[in-house]
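Where a number appears in this text, it was derived from the coordinates with a stated rule and is not lab data. Just so it is clear, the structure is predicted and the values come from calculations on it, not from any experiment. Here the Cβ positions follow ideal geometry from the backbone for every residue, glycine too, while neighbour counts run over all protein chains shown.
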Amino acid sequence: MAAPSIPNLNSLRGRTGLRRGRGRGRPTDPDAPEEDVQDARDKIIRQTDGDASNSRLSAVTLGYLNDEYATCFLQGQIPRRYPLINRGTYVRTSAIDRLVDNFLAATIDANTENASTAPLAQIISLGAGSDTRFFRLSPSRRHQVLYHELDFLDNVRDKLSAICSTPKLKIMLGLMTMSADKSSLQSPNYSLHSLDLRDLAGSAPLSIPNLASNLPTLLISECCLCYLPPQTTSSILSHFTTLIPSAPLAIILYEPIRPYDSFGKTMITNLASRGIELQTVRRYYSLAAQRSRLASAGFSSGQGAADVEQIYYGNEWVSEAERDRVERLEWLDEVEEWKLLASHYCVAWGWRDGEEKVFTEAWKNVSGRRTDKEVVDDEVM
């Protein structure tokens, strides 16, 4: 299964007084056939991409983020999100961008003297939806990366349609090949695949067109794998470690955490009432559990994790000057609610390096070590 994200730090109904955020689904009928129930759940997950686009465009419009391509994948009136939603979208996007940028700097930028135009790095985005990250890359990086996006068929067709109707996107991709049923698109550096990630959990590895097994590769999962059972997510990660057996391989996750405190319980209940089930959050409930998960999945060279609150207030992630800029964009009077919500989402990353130490070098200055605050997570359990 592929899906771009669950509530993007959206507010929740409950004792905190926060409004309902992403996900417009309804609980499934308990008497419906299992196949119909699963289809209904998948539909709810697919629909979250529209809210992801709305949140991103809201943040862009107000100056939190710079993304000239955000409007290419969203039709209609420009949305307006609450300030804490905009701030959450900013932190999420900026943190992942930082990790991606460092990876590309260590692979592509470090080889500028190489006259070859052959790809030097690979990125695979699971449940990419309407994400614009490929198009935001600099020309030199776009031309030397293999970028794959995997998602449900409906989401792929929506994105493919937007690309084909937007001249500047078509120009950036160059020569494109599109399948007759509009389920996939391939260009020299960018590929869009319709794929149910659950199919990757089978015993036989599936072939993904244009995927290179010899390039340093980064997987990205922004609230995608958390919809699946833990065993399924483990099998999916195993699929990629098998598919790319020896080249450096890493993953970035953005997921909810801390479901066992009072706010976490309210968050899980509210999401479940709208048909959104977070199937991994109770197992990978803390930053420590996320690091351990990645180590067990084969990303044994190093692991890091930080919640959104830590990232926003950590100067190694967001400088004081940048934080001042963000806080001048709009007034946020829900500071405690923001901190509470931000502490329940995290960015986690892990890597398996070869002799070149690509990811060890790329992420050496990114803070994701265990902190004293995390002891509270262990005590909750």
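Region 132-147 and region 177-197 have Cα centres spaced 17 Å apart. With helices as the sole contributors, the chain gives -12000 deg cm²/dmol at 222 nm; each DSSP H run of n ≥ 4 counts as -39500 (n - 2.57), and the sum is divided by every residue. Taking the chain as the region of interest, the number of lysine pairs whose Cα atoms are within less than 24 Å, with members eight or more places apart or on different chains, is 11.
Couplings for region 146-162, taken from phi via the Karplus curve 6.51 cos²θ - 1.76 cosθ + 1.60 with θ = phi - 60°, read 9, 10, 10, 10, 10, 6, 4, 4, 4, 5, 5, 5, 4, 5, 4, 4, 5 Hz in order; Gly and Pro are left as x. Selection among Leu219, Ile171, Gln279 by position relative to the dipole of the chain gives Ile171 as farthest towards the positive end (Cβ unit charges, Cα centre).
In nm, what is the difference between 0.36 nm times the number of residues separating Val37 and Ser116 and their Cα-Cα distance?
Details: separation 79, 0.36 × 79 = 28.44 nm, distance 5.06 nm.
Computed gain between Val37 and Ser116 is 23.4 nm.
As a proxy for reagent exposure, ranking Asp101, Asp199, Asp67 by other Cβ atoms within 10 Å from fewest up yields Asp199, Asp101, Asp67.
Short-range pairs are left out: with C-alpha atoms under 8 Å and at least six residues apart, the relative contact order of the chain is 19 percent.
Across region 34-380 the C-alpha pair distances fall into 10 Å bins from zero in the proportions 5, 25, 36, 27, 7, 0 percent.
Applying 0.36 nm per residue to the separation of Arg283 and Lys339 and subtracting their alpha-carbon distance, the gain on full extension is 17.9 nm. Centroid-to-centroid, using Cα positions, region 330-351 and region 237-262 are 21 Å apart.
Which percent, nearest 5, of DSSP beta bridges in the chain are antiparallel? Each step should come with its number before you reach the end.
Numbers: 19 of 42 bridges.
Close to 45 percent.
The amide H of Glu222, built 1.01 Å from its N in the peptide plane, has Leu126, Tyr254 as neighbours under 5 Å, considering only residues 5 or more places off or on other chains. Each Lys and Arg contributes +1 and each Asp and Glu -1, all at the Cβ; summed about the Cα centre of the chain, the dipole is approximately 500 debye.
Residue order for Val347, Val100, Val318, fewest other beta carbons within 10 angstrom first, comes to Val318, Val100, Val347.
How high is the relative contact order of region 126-232, given as a whole-number percent (alpha carbon pairs under 8 Å, six or more residues apart)? Let's see the in-between values first.
On the way: 118 pairs, mean separation 32.5, N = 107.
With pairs under 8 Å counted, the relative contact order is 30 percent.
Within the shell defined by Cβ-Cβ distances under 14 Å, the residues around Leu192 carry a net charge of -2, with Lys and Arg each +1 and Asp and Glu each -1.
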